[in-house]
1. Count the net charge of all other residues whose Cβ sits under 13 Å from the Cβ of Asn60, scoring Lys and Arg as +1 and Asp and Glu as -1.
2. If every alpha-carbon in the stretch 40-100 counts as one equal scatterer, what log10 I(q)/I(0) does Debye give at q = 0.13, 0.24, 0.25 1/Å?
Amino acid sequence: MIVQDGFDNHTLTQLEFEDYIEQLGEVIAAEIEIDSVADVFGLLYRVWNGSKLLGTFYQNLQEKWIAQPCNSDIRTSCDTPEAAQQIIVAVNGLPIADVA
């Protein structure tokens, strides 16, 4: 009987774990919007999640994209605007859509 109780607890734990994994698979990437504003140096792109500004990015004179997440000292140089966007989204703790 003791062995059976241990097995039932293990089975219950396994089922709870499987439910948790299933829920993780259902996480939907945040809805991100990008807009731009003219700046004296060119375009400044803004990354939004709803009405919350997540950060900005721009292309510098060396043709690198600079990601500037809000409320962070991080200033990352990227090769593409998509990479800059992903850094801003990730620093804000939001899931990133898998674009393959």
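Values in this text are rule-based calculations from the coordinates and carry no lab data. These numbers were taken from a predicted model, which means no experiment stands behind them. Please note: Cβ atoms are built from the backbone with ideal geometry, for glycine as well, and neighbour counts cover all protein chains shown.
1. Details: positive: Lys64, Arg75; negative: Asp39, Glu63, Asp79.
Local net charge: -1.
2. So the normalised log intensities work out to -0.31, -0.99, -1.06.
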